[in-house]
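Notes to accompany the following structure.
The values are calculated or read from the model by the stated rules, or taken from the named source; none is laboratory data. As the structure is a prediction and not an experimental result, all values here were calculated from the model. Don't worry about glycine lacking a Cβ; one is built from the backbone with ideal geometry, like all the others, and counts go over all protein chains shown. Note: areas computed on protein heavy atoms with side chains; ligands, DNA, RNA excluded. Shrake-Rupley method; radii C 1.70, N 1.55, O 1.52, S 1.80 Å.
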Amino acid sequence: MQLDLLVRKGKYENGFMHCPVQEGQWLPAKINFTSLAKPDQVGSGATGINTLFHGGGHAAHFANIRQNAPCFSQEFPPTSMAYAETQSMFCDSLLHDADWLKRYAKNRQGEVLSDALIKADIAVRQPMRAFNERHILLVPYFEWQLYSMDEDARTPAAITQLARDIEQRILGIGGSPRPTIAIPHLLSMESACSYQGYLLALMAVEQTRHFFLKRYGYLTDNPAIGPDLALHYWRPGNSVSHDDTLRSLTGEGFNPAYLAEAC
């Protein structure tokens, strides 16, 4: 795994990972993974380290698919976006866990984060949790209505009004903190009509976390979790459905109750 973490002129600023392919022979997985986060550099930022963990989850996933052809380890269908994002979002979910913060969030003097700061962080984020998850629904509901419109009715003014109507309906306010039409997933064929995958992934993440917490009692640096994920989530790649991977590990299919409880 080759990590490229530092800022430099001309570097693409968003995190991503990819696996180069050489045809005609078997090669072990080779992951090129880029982010703008250097974990031991003060000021790297919460967004940077989130990108590091998120991309690292994708890298771990695609490096551990054990099937007999490359088609089982690809970004595109039949690979489910929700399935792929579950792997990355499970990893970045650890960053707000109190036990992870207590172990790794230290200042220059090596002092750990205080309980008061951890509680303050929870108090700031928790009231917006349900709002933030509902915010994901703006894009799929907007796309659903947009592609159902008659071609003649699909004017710039009508599209703008549709976005505002969806925001009012889903969020209950007259505008979104991030305007729906500004979300880039709408504009690319590769990412269009897939945004619901993020919410499905968040459901699966909370279901997975609940299972591991019930079985082991803790997540941070738990040596049993990697092998479990490798066996049930990563190894089959897209040879089975996302729901099948959840059933394999947790014993039940997709269940949104755990995300609702977290919210």
Quiz item: Do you know which residues across the range 175-191 are part of a helix (DSSP H, G or I) and free of Cβ contacts under 8 Å to residues at least 12 places away in the same chain?
Solution: 182, 184, 187
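Suppose we filter the range 205-238 for residues that are hydroxyl-bearing (Ser, Thr, Tyr), open to solvent by 30 Å² or more (accessible area, probe 1.4 Å) and within 19 Å of residue 252 (Cβ to Cβ); how many remain?
Qualifying residue count, the range 205-238: 1.
Within the range 129-138, is even one residue more than 26 Å from the chain's Cα centre (by Cα) and either within 26 Å of residue 199 (Cα to Cα) or among the polar types (S, T, N, Q) (or both)?
no
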Practice problem: Give the residues of the range 80-108 that are of a type in the set (S, T, N, Q) and surrounded by 18 or more Cβ atoms within 10 Å (Cβ to Cβ), sorted by residue number. | Solution: 80, 86, 87, 88, 93
Practice problem: Scan the range 41-75 for residues that are within 25 Å of residue 97 (Cα to Cα), in a loop (DSSP other than H, G, I, E, B) and among the β-branched types (Val, Ile, Thr) and jot them down. | Solution: 42
Exercise. For residue 202, indicate whether it is open to solvent by less than 50 Å² (accessible area, probe 1.4 Å), in contact with a helix residue (DSSP H, G or I) (Cβ under 7 Å, 6 or more places away or on another chain) and either farther than 18 Å from residue 79 by Cα or assigned to a loop (DSSP other than H, G, I, E, B) (or both).
Key: no
Quiz item: Can you name every residue in the range 76-124 that is under 20 Å from residue 194 (Cα atoms), part of a helix (DSSP H, G or I) and out of contact with any Phe, Trp or Tyr (no Cβ under 7 Å at 6 or more places or on another chain)?
Solution: 81, 82, 83, 84, 86, 88, 89, 90
Practice problem: For the range 239-263, name all the residues that are outside any helix (DSSP H, G or I) and either surrounded by 15 or more Cβ atoms within 10 Å (Cβ to Cβ) or on the phi < 0 side of the Ramachandran plot (or both). | Solution: 240, 241, 252, 253, 254, 255, 256, 263
Self-check item: residue 75 vs. criteria charged (D, E, K, R), within 29 Å of residue 227 (Cβ to Cβ) and crowded, with 18+ Cβ neighbours inside 10 Å
Solution: no
Quiz prompt | Residue that is least open to solvent (accessible area, probe 1.4 Å) [pool: residues in the range 47-66 that are under 19 Å from residue 228 (Cβ atoms) and not small (Gly, Ala, Ser)] | solution = 61
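Give the residue, chosen from 145, 161, that is open to solvent by 80 Å² or more (accessible area, probe 1.4 Å), assigned to a helix (DSSP H, G or I) and more than 22 Å from residue 90 (Cα to Cα).
On the way: 145 fails: open to solvent by 80 Å² or more (accessible area, probe 1.4 Å).
Matching residue, one of 145, 161: 161.
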Practice problem: Among the candidates 116, 60, 105, single out the residue that is at pLDDT 95 or above and over 30 Å from residue 175 (Cα atoms). | Solution: 116
Quiz item: Name the pairs whose Cβ atoms lie under 6 Å apart, with the first residue in the range 192-214 and under 14 Å from residue 224 (Cβ atoms), the second crowded, with 21+ Cβ neighbours inside 10 Å, and 6 or more positions between them or separate chains?
Solution: 208/90
Exercise. Among what's in the range 210-232 and is hydroxyl-bearing (Ser, Thr, Tyr) and not in a helix (DSSP H, G or I), pick the residue that is nearest to the chain's Cα centre (by Cα).
Key: 220
Practice problem: All but one of (1) over 29 Å from residue 105 (Cα atoms); (2) modelled with pLDDT under 95; (3) open to solvent by less than 60 Å² (accessible area, probe 1.4 Å) hold for residue 121, so report the exception by its number. | Solution: (1)
Self-check item: First in the range 111-128 and within 10 Å of residue 98 (Cα to Cα), second anywhere and of a type in the set (Lys, Arg) and surrounded by 12 or more Cβ atoms within 10 Å (Cβ to Cβ), Cβ under 8 Å, 6 or more apart
Solution: 113/102; 113/106; 118/102
